[in-house]
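Working notes, beginning with the structure itself.
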Amino acid sequence: MSSSPRLQRYRGAWSKVVGYGSFFAATPGAVPELLTGARHRGEFHVGELVKIHRMRPAVDVRTLGTLIDVGANRGQFSLTARLLNPGMRVIAVEPLPACIAHLESVIGTDGRVIPVAAGERAGEVTFFEAATDKAASTLPMTEVHRSEVPWAAVSSELTVRTDRLDAVVEPGELRGPTLLKLDVQGAELEALHGAEGLLPHVDHILVEVGFEEHYEGHAAPDDIVRHLLDRGFSISGGAVLLERHTDG
């Protein structure tokens with residue numbers, strides 16, 4: 001018998017509190033950054049700060065010139081990173097209208113928002129909007145996702161513009177080093193296929209992979225890793241491993 005969505009959400013929140021508390025207790029150097037971020041509220045996310053710290057020393061956002069944030073949502077990652085590196089240029093790629101409006105209000109002049117879903121070709125695509133917009137995707141949600149994260153179930157569908165990353169981001173606008181961050185809910189490999197002309201100008205890639213099929217036809221981790229290895233990248237590690245709320 002599965003637990004209720006409310007109980008699962010409580011367990012997930014409690015797991016985050018414990019995990020974050022343990023991290024900051026073990027990483028006192030991150031506490032000043034935590035306090036700095038807390039003062040900015042809407043432009044800061046504790047989980048993203050933890051992720052950013054765990055990326056070091058392979059990738060230190062304080063040294064970046066440009067961050068291409070694909071699946072930017074409301075800028076949780078890029079805005080947290082820019083608190084640590086105010087001079088970094090942010091290029092946010094996001095198709096959801098509400099998120100686009102928010103990003104345009106906070107990105108600032110040294111950056112821009114590209115209102116598309118990253119894909120293999122230009123056109124339009126059905127976007128499955130979830131009750132929590134962080135779970136929205138161009139891929140339909142599976143029963144695995146609905147049972148594990150019932151509060152994030154799909155609530156509506158809309159049509160959004162899609163385009164290739166190497167068609168909407170110009171190499172000339174990148175100040176190196178450049179980090180490409182991909183978090184597009186199962187469509188990561190499709191986004192990478194549309195970034196072929198951009199990858200030679202990218203120094204680091206942070207890509208989300210799913211070990212369970214939370215979205216129909218999602219990109220398998222082995223395929224993503226093989227694709228990037230074939231293009232000259234190497235594995236530097238894993239920043240965060242998410243666990244199921246139901247059984248850990």
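Name every residue in segment 24-45 that is modelled with pLDDT of 70 or more and either in contact with a Lys or Arg (Cβ under 8 Å, 6 or more places away or on another chain) or over 30 Å from Ile235 (Cβ atoms) (or both), in order of residue number.
So in segment 24-45, the residues modelled with pLDDT of 70 or more come out as 24-40, 43-45.
Matches in segment 24-45: Pro32, Leu35, Thr36, Ala38, Arg39, His40, Glu43.
If we scan segment 166-184, do we find a residue that is acidic (Asp, Glu), open to solvent by 50 Å² or more (accessible area, probe 1.4 Å) and more than 22 Å from Gly65 (Cβ to Cβ)? Scanning segment 166-184, I find no residue that is acidic (Asp, Glu), open to solvent by 50 Å² or more (accessible area, probe 1.4 Å) and more than 22 Å from Gly65 (Cβ to Cβ), so the answer is no. Without any contact (Cβ under 8 Å) to a residue 60 or more places away in the chain and either open to solvent by 30 Å² or more (accessible area, probe 1.4 Å) or aliphatic (A, V, I, L, M) (or both): does that describe Val202? No; evaluated as a whole, the condition is false for this residue. When restricted to residues that are open to solvent by 30 Å² or more (accessible area, probe 1.4 Å), part of a helix (DSSP H, G or I) and of a type outside the set (Gly, Ala, Ser), segment 61-105 contains 9. Only one of the numbered conditions (1) in contact (Cβ under 8 Å) with a residue 24 or more places away in the chain; (2) under 17 Å from the mean Cα position of the chain (by Cα) is violated by Ala58, and that is (2). Of all residues assigned to segment 189-199, at least one qualifies as being in contact (Cβ under 8 Å) with a residue 60 or more places away in the chain, under 18 Å from Phe77 (Cβ atoms) and either open to solvent by 70 Å² or more (accessible area, probe 1.4 Å) or in contact with a helix residue (DSSP H, G or I) (Cβ under 6 Å, 6 or more places away or on another chain) (or both). If you filter segment 26-60 down to residues that are open to solvent by less than 40 Å² (accessible area, probe 1.4 Å) and of a type in the set (Gly, Ala, Ser), you find that the one that is nearest to Lys181 (Cα to Cα) is Gly47. Total residues in segment 135-165 satisfying the condition of being at pLDDT 95 or above and open to solvent by less than 40 Å² (accessible area, probe 1.4 Å): the figure is 3.
The values are calculated or read from the model by the stated rules, or taken from the named source; none is laboratory data. None of the values given here were measured: they were computed from a predicted structure. Counting neighbours? That spans all protein chains shown, and the Cβs are built from the backbone with ideal geometry, glycine included. When the accessible area is computed, the model is the full protein with side chains, heavy atoms only, and any ligands, DNA or RNA have been set aside. Shrake-Rupley method; radii C 1.70, N 1.55, O 1.52, S 1.80 Å.
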